[in-house]
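Heads up: the structure comes next, in structure tokens.
The values are calculated or read from the model by the stated rules, or taken from the named source; none is laboratory data. Keep in mind that this is a model prediction, so the values were computed, not measured. Positions of Cβ are backbone-derived with ideal geometry, glycine not excepted, and every protein chain shown enters the neighbour counts. These area figures cover heavy atoms from the full protein model, side chains too; ligands, DNA and RNA do not enter into them. Shrake-Rupley method; radii C 1.70, N 1.55, O 1.52, S 1.80 Å.
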Amino acid sequence: MPLKIGITGGIGSGKSRVCSIFADLGYAVYDADTRARVLMNENPAIVEGVKALFGEGAYLPDGVLNRAGIGKIVFDDPEKLARLNALVHPQTRRDFQVWFQAGLAGYQKGFVLKEAALMYGFGTWKDAVGVSGVYAPKSVRIARVIQRDGISAGEVLKRMARQWPDLEKLRRSDFVIYNDGHHGLAAQVREAIRFFTH
């Protein structure tokens with residue numbers, strides 16, 4: 001049975017880019033944030049809970065989650081964000097366990113990766129034997145998210161304010177990958193593989 005390794009970092013740090021390098025090297029990656037979005041559209045318990053929390057407008061007429069509308073609400077309302085996270089994250093945690101137990105037949109690598117932005121805030125780091133943090137300077141992260149999501153710097157800062165501080169994430173990480181444009185990612189990923197393998 002492979003080990004479970006967590007990979008986390010703040011918004012815009014480049015977790016997905018780092019995980020794509022692991023995946024290219026044959027490592028299985030569970031993307032908790034993407035799966036959470038899928039579950040918010042497909043899991044009946046979550047759908048019911050989201051509608052109870054935000055009203056019928058939480059979903060568009062075609063039944064797809066109104067991510068933009070909910071995002072505007074939760075990033076200005078810490079209580080509703082906490083209630084949404086408390087609804088979604090237990091289900092995502094269970095989804096990961098199903099993926100881990102059923103989806104890795106014939107897998108030969110020594111570990112799998114669980115990519116999650118909120119790994120520490122919800123205790124999911126306890127499911128892993130180690131955690132790799134991905135770090136990028138704040139200015140770099142803001143620029144990346146503005147380009148990726150088409151939102152203002154102020155909106156990015158609001159989202160950052162709802163996440164754990166970078167320094168705290170780095171302090172808790174067993175291995176840190178610097179995605180700042182000055183350190184080669186592929187070499188760092190290979191070093192992380194050596195670290196978590198041995």
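Some notes on this structure:
- Cα-based values for region 32-80, radius of gyration first and Dmax second, are 10.4, 28 Å.
- Residue 93/residue 149 FRET efficiency (R0 30 Å; Cβ-Cβ; nearest 0.05): 0.70
- Environment charge of residue 197, counting only residues whose C-beta is closer than 12 Å and scoring Lys/Arg +1, Asp/Glu -1: +2
- Placing one equal scatterer on every Cα of the chain and applying the Debye formula, the log10 ratio I(q)/I(0) at q = 0.08, 0.10, 0.12, 0.13 Å⁻¹ is -0.28, -0.44, -0.63, -0.74.
- Expected 222 nm ellipticity per residue - DSSP helices of 4 or more, -39500 (n - 2.57), all of the chain, to 500: -16500 deg cm²/dmol
- When nucleic acids and ligands are ignored and a 1.4 Å probe is applied, residue 107 ends up with an accessible area of around 50 Å².
- Normalised by 2.2 N^0.38 Å, where N is the number of residues, the C-alpha radius of gyration of region 91-133 stands at 1.21.
- Peptides 93-99, 11-17, ordered by how many other C-beta atoms sit within 10 Å of their residues on average, highest first, read 11-17, 93-99.
- Rounded to the nearest 5, the antiparallel percentage of DSSP beta bridges internal to the chain is 5%.
- Cβ-defined net charge surrounding residue 129, 15 Å radius [Lys, Arg +1; Asp, Glu -1]: +3
- Förster-model FRET efficiency, 30 Å R0, residue 191 and residue 157, C-beta, rounded to 0.05: 0.40
- Accessible area per residue for the chain is 52 Å², calculated with a 1.4 Å probe on protein heavy atoms, without ligands, DNA or RNA.
- Approximate spin-label separation residue 62-residue 16, in nm, with each point projected 7 Å along Cα-to-Cβ: 1.9 nm
- Pairwise centroid distance, computed over Cα atoms, of region 109-134 with region 1-44, Å: 9 Å
- Residues in region 22-37 that a label on residue 108 would reach, taking backbone N under 15 Å of a point 7 Å out along Cα→Cβ: 25-28
- Shape parameters for region 116-165, alpha-carbon atoms, Rg then Dmax in Å: 12.8, 37
- Largest-first ordering by accessible area, 1.4 Å probe, given options 198, 89: 198, 89
- Computed from the alpha carbon atoms alone, the convex hull of region 152-198 holds 98 Å³ per residue.
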